[in-house]
Amino acid sequence: MLERRFLVAATMMGLLTAPATASDIVLLHAAGSLRGALTEVSQAFEKASPLKVQAKFGASGLLKDEIAAGAKAEVFASANMEHPQALATANKSGPVVLFARNKLCALVRPGLAVASDTLLDRILDPQIKLGTSTPKADPSGDYAFEAFRKAEAVRPGARSVLEGKALQLTGGATSAAPPAGRNAYGWHLAEGRADIFLAYCTAARDAQKENPGLQIIALPDALAVSADYGLTVMAGASPGAYQFALFILSTEGQRILASYGFSAPSLPE
């Protein structure tokens with residue numbers, strides 16, 4: 001169904017019948033949490049076609065603002081549905097489709113005793129430094145603040161405490177960048193800037209690969225937050241952009257996303 005929506009849109013504009021040449025480059029803007037997965041997807045796509053993919057990864061909100069301001073982009077893969085939908089509503093892109101799902105986890109420094117059922121107590125502890133990404137600029141921060149809103153129903157007063165103490169360490173325009181090749185969340189924990197970091201489960205898994213001592217704690221059901229990832233092709237994009245979007249939604253593209261820990265809705269049951 002998702003592939004069909006893109007296929008219909010592309011066919012209506014005659015894009016899939018246009019020839020592609022080896023010099024064609026697809027311009028991809030994508031959420032930073034997709035770097036590993038979409039890099040591999042791009043490599044598989046390039047092996048199967050004469051096209052190349054030029055990717056820019058970053059916080060989805062900042063990328064959306066760049067595109068809205070006129071930055072050249074063809075495919076936008078966001079860590080939420082809202083940012084690509086804003087572009088579609090402004091007639092800057094076509095339909096938005098769900099292409100991957102993620103979840104929020106707690107990444108915990110080595111040696112700190114935390115379990116799912118004690119996580120809320122721990123992040124409310126004044127002695128615990130709590131890291132998040134930056135809301136509005138980065139959906140990961142929005143999802144963390146959604147967990148804070150859920151905490152209010154469990155512990156009245158928790159939301160204001162958590163919002164007040166959250167250290168917005170990543171995803172902002174002026175956020176400190178980690179050393180090349182380092183996972184940002186694991187780096188902040190290693191540097192002592194946070195004791196617990198609310199981050200995507202896929203990103204937490206990547207951080208744990210760098211430092212096996214890091215702990216990944218599932219949010220309890222009452223605080224659990226899922227993340228829907230949206231894909232859109234920009235108005236006036238090249239034929240290759242639609243072909244690449246279809247490849248992301250294909251069984252091969254979805255298989256690669258699943259191998260990186262994402263839930264891939266287009267995979268066959």
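Here is how the numbers come out for the structure above:
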| quantity | calculated |
| --- | --- |
| Cβ pairs under 8 Å, 6+ apart, first in region 235-246 and farther than 13 Å from residue 25 by Cα and of a type in the set (A, V, I, L, M, F, W, C), second open to solvent by less than 30 Å² (accessible area, probe 1.4 Å) and part of a helix (DSSP H, G or I) | 245/6; 246/6; 246/10 |
| Single residue of region 95-111 satisfying the filter (within 18 Å of residue 186 (Cα to Cα) and outside any strand (DSSP E or B)) that is least open to solvent (accessible area, probe 1.4 Å) | 110 |
| Answer residue from region 117-143, given it is among the β-branched types (Val, Ile, Thr) and part of a helix (DSSP H, G or I) and is most open to solvent (accessible area, probe 1.4 Å) among those | 118 |
| Residue in region 196-205 that is out of contact with any Cys (no Cβ under 8 Å at 6 or more places or on another chain) and either assigned to a loop (DSSP other than H, G, I, E, B) or farther than 24 Å from residue 116 by Cβ (or both) present | no |
| Odd one out for residue 254 among (1) more than 16 Å from residue 103 (Cβ to Cβ); (2) open to solvent by 10 Å² or more (accessible area, probe 1.4 Å); (3) part of a helix (DSSP H, G or I); (4) not aliphatic (A, V, I, L, M) | (2) |
| All positions within region 247-258 that are without any contact (Cβ under 8 Å) to a residue 60 or more places away in the chain and either charged (D, E, K, R) or closer than 19 Å to residue 203 by Cβ (or both) | 255, 258 |
| Within region 144-170, tally of residues that are open to solvent by 20 Å² or more (accessible area, probe 1.4 Å) and either in contact (Cβ under 8 Å) with a residue 60 or more places away in the chain or among the β-branched types (Val, Ile, Thr) (or both) | 5 |
| Conditions (1) surrounded by 14 or more Cβ atoms within 10 Å (Cβ to Cβ); (2) in contact with a strand residue (DSSP E or B) (Cβ under 8 Å, 6 or more places away or on another chain): number failed by residue 176 | (1) |
| Verdict on residue 221 being out of contact with any Phe, Trp or Tyr (no Cβ under 6 Å at 6 or more places or on another chain) and either open to solvent by 60 Å² or more (accessible area, probe 1.4 Å) or modelled with pLDDT under 95 (or both) | yes |
| Only one of 26, 114 that is at pLDDT 95 or above, more than 19 Å from the chain's Cα centre (by Cα) and in a loop (DSSP other than H, G, I, E, B) | 114 |
| Residues located in region 26-69, provided they are open to solvent by 60 Å² or more (accessible area, probe 1.4 Å) and either free of Cβ contacts under 8 Å to residues at least 60 places away in the same chain or out of contact with any helix residue (DSSP H, G or I) (no Cβ under 8 Å at 6 or more places or on another chain) (or both) | 35, 43, 47, 50, 52, 54, 56, 65, 66, 69 |
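The values are calculated or read from the model by the stated rules, or taken from the named source; none is laboratory data. Because the structure is predicted, anything quoted here is derived from the model rather than measured. Every residue, glycine as well, gets a Cβ built from its backbone with ideal geometry; the counts of neighbours run over all protein chains shown. SASA here: full protein model, heavy atoms, side chains in, ligands and nucleic acids out. Shrake-Rupley method; radii C 1.70, N 1.55, O 1.52, S 1.80 Å.
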